[in-house]
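The values are calculated or read from the model by the stated rules, or taken from the named source; none is laboratory data. The structure displayed is predicted, hence computed values, not measured ones. No Cβ is skipped: glycine too gets one built from the backbone with ideal geometry, and neighbour counts run over all protein chains shown. Ligands, DNA and RNA are stripped out before the accessible areas are found, and what is left, the full protein with its side chains, is counted by its heavy atoms. Shrake-Rupley method; radii C 1.70, N 1.55, O 1.52, S 1.80 Å.
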Amino acid sequence: MPWHKVLIALCALWPALAPAATPPVMLLTVNGAIGPATADYVHRGIEVAEKQGAQLLVLRMDTPGGLDTSMRAIIKDILASPVPVAAFVAPGGARAASAGTYILYAAHVAAMAPATNLGAATPVAIGAPGGGGSGGGTKEGEKGDKSAKGAGGEAATMTRKQVNDASAYIRGLAQMRGRNAEWAERAVREAVSLSATEALKMKVVDLVAEDVPDLLRRLDGRRLKAAEQERVLQTADAVAVALEPDWRTRFLSVITDPSIAYILILVGIYALIFEFSNPGLVFPGVVGAICILIALYAFHMLPVNYAGLALILVGIAFMAGELFFPAYGSLGIGGAIAFVIGSVILIDTDIPGYGVSLSLVLGIAAAGAAFLFLVLGMALKAHRRPVVSGREELIGSTGEVLEDCEREGWARVHSETWRIRSSSPLKAGQRVRVAALDGLLLDVVAESKEGA
């Protein structure tokens, strides 16, 4: 056979003879409280992993928990992901508390690093004031529910509903992944926690690994099923490619910080008030509109108490009204109280990292009150100051007659020459006092006669 035909045959067979490229492994890192930005980051990470044909997506977590809505969005994405997801609590000292435990149970692979822990998955709202305590599903809690009446009974009923819903949710995830469902329910009802070693013994997690490379070595050859397709992992020599948050996720992370959203709404409101009080400046109106729209977008994704938002608006309106109505401080004080109460209850959650700092609220309220009293003080001082210009100041002023006159003549008043009118004759150099103003004509009387 000619050599060129041999070469053509080898070229045709080369794709089959050449070793196939190992699909990549993607790595997402979640640190801190789980919120809308985290859910967006995981959603985009799964999309990128699918587009790049990744064989595995590693979700490295260290979280104290987070918002229920964001947690459920992440779990939905994991369950629907065509790429297997390995939730990995790492590095040492990290935790997957509350919402992190649910995500760990939902993942195709649950792994932990040494000296990490998970658990305490009781819904945070249950421990909030009026939530009925933390004994949601215990016999004591049930006895308390039976004896409770009125608002207390309603709170206990809501507590029981939340506990039962969360228990059923995590039990379903545990049964889907073949993990310890009994302990998962205890984590919800009793807020218990486990270390990595204990979690492995109790079949809560699938394995314990030192770090991501060790995790990939331990997962090599494992069969995983995702989106009705089973695949065998080839991760022994794979290197995890970290996927950093893009600008959209970072922007979302900033504006969904409750303190930032709170400041944005206040800046927007004050900017619009300034624009309406000074029409035509335009710039404050533009800034105010943009800040308010961004804040409303952030509030849409946060657990906002709209009664608190209404109290903030009423408080600002009352404090602004104090500047225009003589309410002797009642509007200003009432507005400040409404503003503080509304700011405190604005974010309806006790999750760490998802509340407005009390020091920030008090600082802004104090600044607003100081500005209000400064303006009121300046207005009161100006009101008490004697009149130094205009018609009111001219009446009662003294002047000097410039020429002899019978009824009308000229006089110098306040270093200005005025036409004067008098009921008695006046002589040049005589002192007179202004009694009335008729257009540009001053009615005067002689000082000597007035004094008599």
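When region 282-296 is filtered for residues that are loosely packed, with under 15 Cβ neighbours inside 10 Å and within 22 Å of the chain's Cα centre (by Cα), the ones remaining, listed by number, are V286, A289, I290, L293. Identification of helices (runs of 4 or more DSSP H) wholly contained in region 205-281 with 1 or more residues that are open to solvent by less than 60 Å² (accessible area, probe 1.4 Å) and over 30 Å from A33 (Cβ atoms) yields 258-277.
Taking the criterion of being over 16 Å from A87 (Cα atoms) and either under 36 Å from the mean Cα position of the chain (by Cα) or of a type in the set (S, T, Y) (or both), the only residue of region 198-231 that qualifies is A227.
Consider P64 carefully, then state whether it is open to solvent by 10 Å² or more (accessible area, probe 1.4 Å), out of contact with any His (no Cβ under 8 Å at 6 or more places or on another chain) and farther than 21 Å from R179 by Cα. Yes: the conditions hold for P64. Taking the stated definitions as given, is I341 open to solvent by 50 Å² or more (accessible area, probe 1.4 Å), within 30 Å of A298 (Cβ to Cβ), assigned to a helix (DSSP H, G or I) and at pLDDT 85 or above? So I341 passes the test.
Being under 17 Å from D206 (Cβ atoms) and touching a Ser or Thr at 6+ places or on another chain (Cβ under 6 Å) is the filter; apply it to region 97-127 and report the residue that is modelled with the lowest pLDDT. Filtering first and then ranking leaves G119. Checked across region 139-150, the condition of being modelled with pLDDT of 95 or more, of a type in the set (G, A, S) and open to solvent by less than 50 Å² (accessible area, probe 1.4 Å) holds for no residue. Scanning region 398-407 for residues that are touching a residue at least 24 places away in the same chain (Cβ under 8 Å) and assigned to a strand (DSSP E or B), we see that the one that is most open to solvent (accessible area, probe 1.4 Å) is E400. In region 67-105, of all residues being part of a loop (DSSP other than H, G, I, E, B) and closer than 26 Å to G53 by Cα, the one that is most open to solvent (accessible area, probe 1.4 Å) corresponds to P82. Only a single item in (1) more than 23 Å from M176 (Cβ to Cβ); (2) over 28 Å from the mean Cα position of the chain (by Cα); (3) of a type in the set (V, I, T) is not met by V58, and it is number (1).
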